[in-house]
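Let me give you the structure first, and then I'll get to my questions.
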Amino acid sequence: MTKKQLDESADYLKQKGFIKPEIGIVLGTGLGKLVEEIEDPLVAHYNHIPFFPLATVEFHSGKLIFGTIEGKKVVVMQGRFHFYEGYDLQDVTYPIRVMHQLGIKKLFVSNAAGAINLDFKKGEIMLIADHINLQGSSPLAFRNVAEFGERFVDMGEPYDNSMLDKITKIALRENISLKRGVYAAVIGPQLETKAEYRMLKIIGADAVGMSTVPEVIVANHLQLPVLAVSVITDECNPDDLQPVDIQEIIEIAGRTQPKMIRLFKELIKEL
Ligand code: HPA
């Protein structure tokens, strides 16, 4: 990755009219419907953006959408790149750097996740207050990282406290149950064994998924305040483990997203 490549990616989008977005939003698996709330949308397919990672066949629907929500300019990623698809972590996080280059001042990230904390139920939303990186690598582990910011990024407070407070108040007001916890990112794409679920509980995870942490690390690298939420799509009880059903995960994410959309829209209004 070079600065020139980032400039070219951003310039392509600026020419398309992606001018001065304030907020960047990453929509996770089954959580794409927020794009229907975007007024005057402009669309750029990932495959057309210079230097964007090349999408796999499975991933043809990936696009970046620019427009207005609640009076604010946003740029929304419908679909993300995952480490398990074979991209390296610089590729996975390249879109975050491009959105930053476009000028976003805040980042929202969402994902579907399994509950390790069994007080959390399918269809609930968990605010990510902290995380554990179990992907075995870092999106900052590359030679010329210092050209893009600090190499040794502080991760003592990776999630923006002021946005955490705001969304917590919004959830109370809107009567939406909102949990708060630690998200562990694994590589995947296989799900976890019972022994792994037990380990995740012991090390302090409340939810587990296969994304988000690389993006959050890069947001911190860019000193970009970030808010992240997990939609709980399955309950990972090692003593009563049900076979995973990806269709069910997508369906539960889909059913829960109206709550997430309400929270995000209210938060956008208040920023
Ligand atoms: N494990 C990992 N990723 C997931 C899960 C899970 O149980 N559920 C949704 N994404």
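What is the calculated FRET efficiency for Glu39 to Glu235, with r their C-beta to C-beta distance and R₀ = 35 Å, to the nearest 0.05? Walk me through the numbers before you get to the answer.
Details: r = 37 Å, r/R0 = 1.06.
Plugging the Cβ-Cβ distance into 1/(1 + (r/R0)^6) gives 0.40.
At 7 Å along Cα-to-Cβ for each site, give me the label-to-label distance between Lys72 and Thr2 in nm.
Roughly 3.5 nm, to one decimal.
On a 0 to 90° scale, report how tilted helix 89-102 is relative to the longest principal axis of the chain, with both axes built from alpha carbons and the result rounded to the nearest 10.
With both axes taken from Cα atoms, the answer is about 50 degrees.
Follow-up question, since we're still on this one. Go through 207-216, 246-255 and give me the packing order, highest mean Cβ count within 10 Å leading.
Working: 207-216: 26.2, 246-255: 16.0.
My ranking of the peptides, most packed first, is 207-216, 246-255.
How would you order 145-157, 161-173 from highest to lowest mean count of nearby Cβ atoms within 10 Å?
Numbers: 145-157: 12.0, 161-173: 14.9.
Put in order of decreasing packing, that is 161-173, 145-157.
Taking the Cα centre of the chain as the origin, how large is its charge dipole in debye, to the nearest 20, when only Lys and Arg (+1) and Asp and Glu (-1) carry charge on their Cβ atoms? Can you show the working numbers first?
Working: 30 positive and 36 negative charges, 141 e Å.
So the magnitude is around 680 debye.
Specify which residue in the list Ala184, Ile167, Pro243 is farthest towards the positive end of the charge dipole of the stretch 166-260, using unit charges on the beta carbon of Lys, Arg (+1) and Asp, Glu (-1), about the Cα centre.
Farthest towards the positive end: Ile167.
Something else now. Place a +1 charge on the Cβ of each Lys and Arg in the stretch 62-192 and a -1 charge on the Cβ of each Asp and Glu, then give the dipole magnitude about the Cα centre in debye, rounded to the nearest 20. Write down the numbers at each step before the final one.
Working: 16 positive and 15 negative charges, 104 e Å.
With only Lys, Arg, Asp and Glu charged at Cβ, the dipole is about 500 debye.
Take the cross-link list Lys20/Lys166; Lys63/Lys122; Lys179/Lys269; Lys16/Lys166 and give me the ones stretching past 25 Å between alpha-carbons.
Values: Lys20/Lys166 23 Å; Lys63/Lys122 28 Å; Lys179/Lys269 22 Å; Lys16/Lys166 33 Å.
Going by Cα-Cα distance, Lys63/Lys122; Lys16/Lys166 fall outside the 25 Å limit.
Something else: Please order Leu27, Leu127 by the number of other Cβ within 10 Å, starting at the fewest.
Numbers: Leu27 24, Leu127 20.
With the sparsest Cβ surroundings first, the list reads Leu127, Leu27.
Multiply the residue gap between Asp11 and Asp88 by 0.36 nm, knock off their C-alpha separation, and tell me the result in nm, one decimal place.
Numbers: separation 77, 0.36 × 77 = 27.72 nm, distance 2.37 nm.
Full extension of this stretch gives 25.4 nm more.
I'd like the trypsin sites (Lys or Arg not before Pro) in the stretch 107-143 restricted to DSSP loop residues with at most 14 other Cβ atoms within 10 Å, sorted by number.
Sparse-neighbourhood loop trypsin sites (Lys or Arg not before Pro): Lys121, Arg143.
For Asn47 paired with Glu248, estimate the spin-label separation in nm (one decimal), with each label point 7 Å from Cα along the Cα-to-Cβ line.
Each label point lies 7 Å from its Cα, and together they span 3.4 nm.
What span do the alpha-carbon atoms of the stretch 1-125 cover on each of the three principal axes, reported in whole Å from largest to smallest?
47, 37, 25
Computed from the coordinates by the stated procedures, all read-outs in this text should not be read as laboratory data. Keep in mind that what you see is a predicted model, and the values were worked out from it rather than measured. Using ideal geometry, Cβ is built from the backbone for each residue, glycine included, and neighbour counts are taken over all protein chains shown.
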